[in-house]
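The structure appears below as structure tokens.
Read the figures in this text as sums done on the coordinates, not as results from a lab. Just so it is clear, the structure is predicted and the values come from calculations on it, not from any experiment. No Cβ is skipped: glycine too gets one built from the backbone with ideal geometry, and neighbour counts run over all protein chains shown.
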Amino acid sequence: MPFPENFFWGGAIAANQAEGAWNVGGRGPAKTDVTTGGSYKEARKVTWIDKDGNPHAEPESRRPLPKGAHYAVLDDFFYPNHDAIDFYHHYKEDIALFAEMGFKMFRMSISWSRIYPHGDENEPNKEGIEFYRNVFQELRKYDIEPLVTIWHFDTPLYLEEHYGGWENRKLIDFYAKFATTCFQEFKGLVKYWLTFNEINNTVMFLSLEQDVTNADYQRAYQQLHNQFVASAKAVQIGHAIDQENNIGCMICGITYYPLTSDPKDILLNRHNWEQNIFYCGDVQCRGNYPTYAKRLWEAHDVHLEITPEDMVDLDLGTVDFYTFSYYMSTAVTTHENNEKVGGNFSMGSRNPYLEYSDWGWAVDPDGLQYYLEMMNDRYQLPMMVVENGLGAYDTVEEDGSIHDPYRIDYFKKHVAAMERALDHGVDLIGYTPWGCIDLVSAGTGEMRKRYGFIYVDRDDAGNGTFDRLRKDSFYWYKKLIGSNGEELD
């Protein structure tokens, strides 16, 4: 079965990893602006000053800062997101390159602190609104449909410090106001929206941390609940402002496998799906907490603050379509196993049937097909794969060419997996590979971990010209889009 005639081929970036201009045009800081660079082996650090004025740099934790401390940019550290790839000043050039490839859709995010620098102001920042309006108008000039993520890990730092972040219910209303501003200001320019990026990471990533307590789970589940309500309110607001608005969820999609046929592994695998994948999708797509939520909460003595009005909002604010990122699968087991994967947001046991990237991620296109077919049956909503790609080392040849057959091979296999899912009846309407242009890695803060069809001359230390170069994969993807997915070679 071929790809649908109106299929949304495109690419994806996020404001905090691409825009730069972190303190330009009235923008306020977000946590990524106090997050240093890192690597596969060394975690990124968040910098702050304690109540006595002493500087600190520690791996990011879900726990709040000590009393009296505040986040700070310190002189001795490099913050790659400050400049990123300077999309803020290069967006016209970049969009022209996307149009050259034939993009039908471009996924991007709006930096909350560029619209509301603190997050709690009465009036938005007009310079920020004008910037995004210009970007959307430029996309429209080339008939590229914007797909806009309202929140992509960029809560204004002021809300983190002065309100305690998403654990505080006040953020529901702050977010609703931010979303309302976006829907009103960009009406007619944007009609595809995502409320929260990879919303399930809040709980999923606890398994990556050491010494996690029940209090950590209490905070995580309460933050998630507040985000669910905020998302549901945004859906209702967006539909009321413009009936043309289509508003979706976005899940960090990981396919889980049991490592063995031991029934205990089978049950553990199911519970991983429920906690890490289904929990968020069920609430946002079905409008209520699933029956297994009680088991998840009781496992960590979680008691949520939920009002009757919250449950009404969840019911009324279900999403119109389901989107997800997909980079890897993982295997889980109850048995002792020394073949673990770890670092760079990877987890679980190494799957002996799969190959792994330089950053420890399993390359598994069959897992993408599996995920698509499972979620199509579960929710029966239109679906998009809004992140997918291979982070890899690229070499610029003397003539400026960049040969990346490894990336082309990766995409061939994943596009073929999507085609099989379509053939099996999956309602897949779009594909926006991640980092269609090189950007700062969220996990490691590196530039060398490159995803793009377009190379950006910028290194891990912040050196480079910001020049854009077309990779071999640029021409391959252009041909793929031109043939609507038929020419894979």
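Can you run phi through the Karplus equation (6.51, -1.76, 1.60; θ = phi - 60°) for the stretch 408-420 and list ³J(HN,Hα) in whole Hz, with x for Gly and Pro?
4, 4, 4, 5, 3, 5, 7, 5, 4, 5, 5, 5, 5
For residue 200, which sequence-distant residues (separation of 5 or more, or a different chain) have an amide H within less than 5 Å of its own amide H, given hydrogens modelled in the peptide plane?
HN-HN under 5 Å from residue 200: 252.
List every residue whose amide H lies under 5 Å from the amide H of residue 257, counting only residues 5 or more places away in sequence or on a different chain, with H placed 1.01 Å from N in the peptide plane.
Amide H neighbours of residue 257: 330, 331, 332.
Once phi is turned into θ = phi - 60°, what whole-Hz ³J(HN,Hα) does the Karplus curve with 6.51, -1.76 and 1.60 give for every residue of the stretch 269-280, x standing for Gly and Pro?
Once θ is set to phi - 60°, the couplings for the stretch 269-280 become 4, 4, 5, 5, 4, 5, 5, 8, 10, 5, 3, 6 Hz.
Report, by chain and number, residues whose modeled amide H sits under 5 Å from the one on residue 40, excluding near sequence neighbours (fewer than 5 apart, same chain).
Amide H neighbours of residue 40, under 5 Å, 5+ apart: none.
Residue 41: which aspartates and glutamates have alpha carbons under 16 Å from its alpha carbon, excluding same-chain residues fewer than 8 sequence positions away?
58, 60, 209, 358, 446, 460
Hey, which lysines would be in cross-link range of residue 141, C-alpha to C-alpha under 17 Å, not counting anything within fewer than 8 residues on its own chain?
The qualifying lysines are 92, 104, 187, 191.
Can you list, bin by bin at 20 Å, the percent of alpha carbon pairs in the chain, starting at 0?
It works out to 24, 62, 14, 0, in whole percents.
Within the stretch 398-456, which GluC sites (Glu not before Pro) sit in a loop by DSSP and count at most 16 neighbouring Cβ atoms inside 10 Å?
398
Shape call for the stretch 435-489 from the C-alpha gyration tensor, a ≥ b ≥ c root eigenvalues: rounded (a/c under 1.5), prolate (a/b greater than b/c) or oblate?
prolate
For the stretch 453-459, just list the computed ³J(HN,Hα) in residue order, Karplus coefficients 6.51, -1.76 and 1.60, θ = phi - 60°, integers in Hz, with x standing in for Gly and Pro.
Running phi through 6.51 cos²θ - 1.76 cosθ + 1.60 with θ = phi - 60° gives 7, 10, 8, 10, 6, 7, 10 Hz.
Do you know the Lys pair count in the stretch 335-489 for C-alpha distances under 24 Å, with sequence separation 8 or more or different chains?
Step by step, the pairs that qualify in the stretch 335-489 add up to 12.
Just to confirm a number: summing +1 for Lys and Arg and -1 for Asp and Glu over residues other than residue 413 whose beta-carbon lies under 13 angstrom from that of residue 413, what do you get?
Value of the local net charge: -3.
Defining a contact as two alpha carbons under 8 Å apart and six or more residues distant in sequence, what relative contact order in percent does the stretch 328-464 show?
Computed over the stretch 328-464, the figure is 21 percent.
Could you tell me the relative contact order of the stretch 37-186? Use alpha-carbon pairs under 8 Å, at least six residues apart, and round to a whole percent.
About 20 percent, as a whole number.
If each DSSP helix of 4+ residues adds -39,500 (n - 2.57) and the sum is divided by the residues in the chain, what number results at 222 nm, nearest 500 deg cm²/dmol?
-11000 deg cm²/dmol
Just going by the charge dipole of the chain, with Lys and Arg at +1 and Asp and Glu at -1 on Cβ, which of 46, 87, 238 is farthest out on the positive end?
Toward the positive end, the furthest listed residue is 238.
For the chain, calculate the relative contact order in percent as a whole number, restricting contacts to Cα pairs under 8 Å that are 6 or more residues apart.
Contact order relative to length: 18 percent.
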